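The values are calculated or read from the model by the stated rules, or taken from the named source; none is laboratory data. Source: prediction; values computed, not measured. All Cβ positions, glycine included, derive from the backbone under ideal geometry; neighbour counts span all protein chains shown. Areas reflect the complete protein model, heavy atoms only, side chains present, ligands, DNA and RNA absent. Shrake-Rupley method; radii C 1.70, N 1.55, O 1.52, S 1.80 Å.
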Amino acid sequence: METTAIKQYTFKDFASDQEVRWCPGCDDYVILRSMQKALPEMGVKKEDVVFISGIGCSSRFPYYMDTYGMHGIHGRAPAIATGVKLANPNLSVWVITGDGDSLAIGGNHFIHVLRRNIDLNIILFNNEIYGLTKGQFSPTSLVGQKTKSSPYGNTQPPFSPGELALGAGARFFARVGGNTPKEMTTIFIESEKFKGTALVEILQNCVIFNDGCFTQYTDKAVREDKQLYVEHGKPMIFGKERDKGLVLNKLKLEVVTIGENGVTQEDILVHDAKDSDPTLHQMLVRLDYPLITGIIRSFDDITLGEREDDLTAAVKFNSKFKKTNDLFFSGETYEVK
Amino acid sequence: MNVENKIAKNTKGQIEVLEAVVIRFVGDSGDGMQLTGTQFSDTSAMFGNDVATFPNYPAEIRAPQGSLYGVSGFQVHIGSMEINTPGDDVDLLVAMNPAGLKTNLYAVKPGHTIIVDTDSFTKKNLEKAQYKTNPLEDGSLANYRIIEVGMTTLTKEALKNVDGLDNKSITRSKNMFALGMVYWMYHRAREHTIDFINKKFKSKPEIIEANTKVLNAGYYFAETLELIPNAYTIVPAKMAPGTYRIIMGNAATAWGFLAAAEKSGLELFLGSYPITPATDILHELVKHKHFGVKAFQAEDEIAGISSAIGAAFAGDLAITTTSGPGLALKGEALGLAMMIELPLVVVNVQRGGPSTGLPTKTEQSDLLQAMYGRNGESPVIVIAASTPSNCFNFAYEASKLALEHMTPVILLTDGYIANGSAPWKIKTVDEMPEIRNNKVSEIKENFHPYDRDQKSLARNWAIPGTPGLEHRVGGLEKDKVTGNVSYVPENHEYMTKIRAEKIKRVQNYIPEIASEFAQKGDLLVVGWGGTYGSLYTAVKQLNDDGFTNIGYAHFNYINPLPKNTEDLFKKFKKIIVCELNNGQFVNVLRIHFNGFEFLQHNKIQGLPFSNSELTEKFKQLVSVSE
């Protein structure tokens, strides 16, 4: 097949003429810019890119991208995106969603899209709060968190998006801080390369209703000591001094210091994102010290589209029906004269 | 009991010619009554009769054996004349057990025939059917011709030399015994059914042998034992020449979409979630991957329509299929499709409501939901099919209207026509009308997604993958020119009105309403959707009987209504609107045409209209004016 050369884009090619209307200081600006920078690196044509969103602050995202886009209804973006991708598998389809949109009202679509492994990218802006409705607790809000709808403290234990996703069969899961555009850009590019449903959770600060919700992990001063940015094939080492690492102690992950108690770099676990077995990925997702960021799981598996294509090709090959007339006049027909 | 005492013997071999006959097969839900009925109707259709069928089965898959609520029935109406309904009163009832007899006796015409399997009239089964005494012995059936046959025993006898059959397979083939008897009674050939058995059980030769033997045994039993007074025949009906097949409404709906996809050159996408009685459309379309059909069984109703919206955005002919409760769940997404103005067909195979209601029974009570069941000002096209075979035409028409007017279309059918079957004179794609679409494939200067066709007001359809036409759509109100989000008050009013006007203008593209029978006169009978067969038959009968002052207008286009509706109404002194609901279409008409007095005839029993209730009602209305 002839491949046409893809125009060399810059981030400006992906910015629409619409004025961005998020609150000043919101991490959403970082995410938008990171996406606009990542897209030219992906080797996809601009006209083949589609952003589908639900409802919420994050879901205004498509309006700001100069690509095809649809601002859908609350929670349903994964279902809409599934239809787009099944209709035209050549498209690069992105779901933009938030913690309320994907884990509360859209929870059902979220788990099923992951189960099917259709080739989509889902960017989940997790700020542990409902922003657009002005500050109610969300399914990722912490127990005890005081919000407009939990003035005495939230009594509903949260979901961990990563745990839920892996439980639902996610083949690709990455997590990244909302204030680290470089890593975010890399992860967006990797998620596009991945064949299957790629879920990226962004720890996104809401400056108005939940300011500082991730500061303990994402603040520049503590980031290197509190976050471990994992990369496939590399030892899981973190810390300002690069002296901390993860080892398996029985069935638990344990933080050790290289050079103490005889621990050497060789003892540190090497990250295997491509393992089909998600057990260790689940343990990484659950860890709160250090908080794991980067691509935690990236297991190459057959996609829904591939399964459908194979089946369709086989049915077409074996079928005697080429046109509807072949069907309509098949089987038990009779003549009236 | 001596059966022969009850039945006057006739000379063997005498064949009486009938114009039409209604036969009902009833038994346990596992007794194979649907198959038996289908075989009889297919065979009759191939013989040249006009046919209409209606299955009546419980919501439970295998209700407890012998219970009253576990009775499954299948009614066949065959005729040498035009047949438009599965018929009301039954000429022959075949009852495989006491429960079937008890629940269906009401429908049998006095003096007519009932065949019963006496082996099933055990003490236990009689108790389950809540009979205090055996109706075969207590004289309660004196008004009918009862043919008592030990069908289970005779079936076992017929199969005693067939190897490899378990007891269950033996007793399960007794429906073939009943079918064989009825074939003899109505002078039907067995070949079609034998062919069917051979195909269906290709890999099970012992089952083929068993079913064939039992079918023949029933046939010869009826012939030789002289239990049956007459054999009857119904000569072929006068039907337009052509190639026909028997089709069920849901299959016809599915095929209409296949034809529309082929004609329009678009790929067909179905997003659906199983729900009675709509699921057969999904079952049918998933088979047709060879035509490139993408049938997606989603995680719920909302995902069904949402995936279809995604596919429509990406350029497919997109549909979603459901029944009443599912339409309720799809409401918000349907509003989105209306707002972003994408072509989408939503099929609602109506069933008894509200809530879960009567899933396997028919009703027309989703009309107002289809018209108004969304937030905001949210008009869509609403059309309704009226017979099992014209489900094909209206599925095609729904697709055409959706694509040409860039709007969601709700197609209403109902359990009665969806599960009913009738002859269909096969349509080829070549003879169907053209389907245009509004796709934009080239870069235009100053392209705007909401640029509209001046006549129809349909907007552009620029699909992802087209260079230079990148744009965003969404559920927020949009600027009338650019399509960007707009909160400008005047713009919202303008957009609300233009969306309404777009639907109203569809009037210019749909046929006018016409009256069948009287063109003006004393009474106009008005119906819509799946009641066509019942209403047509009733009005025709009255006209044949001299009531030539009655006209009949049947609406397939509900929103918008045909342009000349008011003109037609003016030609009649009285108008009666007949619906299987508590009065929904009549209220739509009252909104539009407030100068008329609309009388109503409503039935909310999960059943179609009966001919007698309609003719009596209409006669009363015209006799007053005479």
Inset, instruction - Filter the trypsin sites (Lys or Arg not before Pro) in segment A:12-51 to those in DSSP coil with at most 14 other Cβ atoms within 10 Å of their Cβ, and list the result. - result: A:Arg21
Inset, instruction - Could you sort B:411-418, B:247-254 so that the peptide with the highest average Cβ count within 10 Å comes first and the rest follow in order? - result: B:411-418, B:247-254
Legend entry - Karplus-derived 3J(HN,Hα), 6.51/-1.76/1.60, for each residue of segment B:157-166, Hz, glycine and proline x: 4, 5, 9, 5, 9, 8, 7, x, 10, 8
Legend entry - Rounded accessible area per residue of segment A:225-291, 1.4 Å, Å²: 60
Legend entry - A:Cys26 - accessible surface, heavy atoms, 1.4 Å probe, Å² rounded to 10: 20
Legend entry - Degrees, to the nearest 10: B:191-200 long Cα axis against longest axis of chain B: 70
Inset, instruction - Only loop residues by DSSP count here, and only those with at most 12 other Cβ atoms within 10 Å; note down the chymotrypsin sites (Phe, Trp or Tyr not before Pro) in segment A:116-169 that meet that. - result: A:Tyr152
Legend entry - Exceeding the 22 Å Cα-Cα cut-off - candidates A:Lys337/B:Lys425; A:Lys323/B:Lys427; B:Lys455/B:Lys571: B:Lys455/B:Lys571
Inset, instruction - Round to a whole angstrom and tell me the spacing of the C-alpha centers of segment A:273-296 and segment B:528-602. - result: 67
Inset, instruction - Sum -39500 (n - 2.57) across every DSSP H segment of at least 4 residues in chain B, then divide by the residue count to get the 222 nm mean residue ellipticity, nearest 500. - result: -11000 deg cm²/dmol
Legend entry - Average partner coverage of B:255-266, which counts Cβ from other chains inside 10 Å: 2
Inset, instruction - Could you state the angle between the C-alpha long axis of helix B:33-47 and the longest principal axis of the C-alpha atoms of chain B, as a value from 0 to 90 degrees rounded to the nearest 10? - result: 80
Legend entry - Low-density loop cleavage sites - chymotrypsin sites (Phe, Trp or Tyr not before Pro) in segment B:127-230, where at most 16 other Cβ are within 10 Å (DSSP): B:Phe201
Inset, instruction - Whenever you get a sec, line up A:His112, B:His187 from highest to lowest accessible area (probe 1.4 Å, protein heavy atoms). - result: B:His187, A:His112
Legend entry - Proportion of all alpha-carbon pairs of segment A:225-291 beyond 14 Å (%): 56
Inset, instruction - Distance check, please: which entries in A:Lys220/A:Lys240; B:Lys156/B:Lys213; A:Lys220/A:Lys274; B:Lys400/B:Lys504; A:Lys85/B:Lys263 exceed 20 angstrom between their Cα atoms? - result: A:Lys220/A:Lys274; A:Lys85/B:Lys263
Legend entry - Sulfur and carbon atoms: percent of accessible area, the protein assembly as shown [1.4 Å]: 51
Legend entry - Residue-by-residue Karplus 3J(HN,Hα) for segment B:120-125, coefficients 6.51, -1.76, 1.60, Hz, glycine and proline x: 8, 7, 8, 4, 4, 5
Legend entry - Average accessible surface area per residue within chain B, 1.4 Å rolling probe, Å²: 38
Inset, instruction - Give the angle, between 0 and 90 degrees and rounded to the nearest 10, that separates the Cα long axis of helix B:390-405 from the longest principal axis of the Cα atoms of chain B. - result: 10
Inset, instruction - Take peptide A:310-323, look around each residue's Cβ out to 10 angstrom, count Cβ atoms belonging to other protein chains, and average those counts. - result: 3
Inset, instruction - Mind checking B:429-437 for the average number of partner chain beta-carbons within 10 Å of each residue's beta-carbon? - result: 1
Inset, instruction - Can you tell me the relative contact order of chain B? Whole percent, Cα pairs under 8 Å, sequence separation 6 or more. - result: 12
Inset, instruction - Show which aspartates and glutamates lie in cross-link reach of B:Lys102 when reach means a straight Cα distance below 15 angstrom and same-chain residues fewer than eight apart are skipped. - result: B:Asp28, B:Asp117, B:Glu127, B:Glu137, B:Asp138
Inset, instruction - Could you grab the relative contact order for segment B:472-552? Cα pairs under 8 Å, six or more apart, rounded to a whole percent. - result: 25
Inset, instruction - Order the peptides B:582-595, B:285-298 from the highest to the lowest mean number of other Cβ atoms within 10 Å of their residues. - result: B:285-298, B:582-595
Inset, instruction - Quick one: accessible surface of B:Lys361, probe radius 1.4 Å, all protein chains present, in square angstrom to the nearest 10. - result: 60
Inset, instruction - Please give the FRET efficiency for A:Asp225 paired with B:Ile498, using the beta carbon to beta carbon distance and R0 = 56 Å, rounded to the nearest 0.05. - result: 0.40
Legend entry - Inverse of mean 1/r across different Cα pairs in chain B, Kirkwood, Å: 26.3
Legend entry - Listed residues B:Thr356, B:Thr496 arranged by accessible area, highest first, probe 1.4 Å: B:Thr356, B:Thr496
Inset, instruction - Compute the FRET efficiency between A:Glu241 and A:Phe317 as 1/(1 + (r/R0)^6), taking r as their Cβ-Cβ distance and R0 = 60 Å, and round to the nearest 0.05. - result: 0.45
Legend entry - Burial ranking of peptide ranges A:322-332, B:315-325 (average Cβ count within 10 Å, highest at the top): B:315-325, A:322-332
Inset, instruction - Answer rounded, prolate or oblate for segment B:3-234, using the Cα gyration tensor with square roots of eigenvalues a ≥ b ≥ c: rounded when a/c is under 1.5, else prolate when a/b is larger than b/c, else oblate. - result: rounded
Inset, instruction - Hey, could you get me the Stokes-Einstein D for the protein assembly as shown, Kirkwood radius over alpha-carbon pairs, 37 °C and 0.692 mPa s, rounded to whole µm² s⁻¹? - result: 104
Legend entry - Amide proton proximity set for A:Ala15, modelled H, under 5 Å, gap of 5+: A:Asp66
Legend entry - Taking segment B:398-537 and dividing mean pair separation by its residue count, relative contact order in percent (alpha carbons under 8 Å, at least six apart): 21
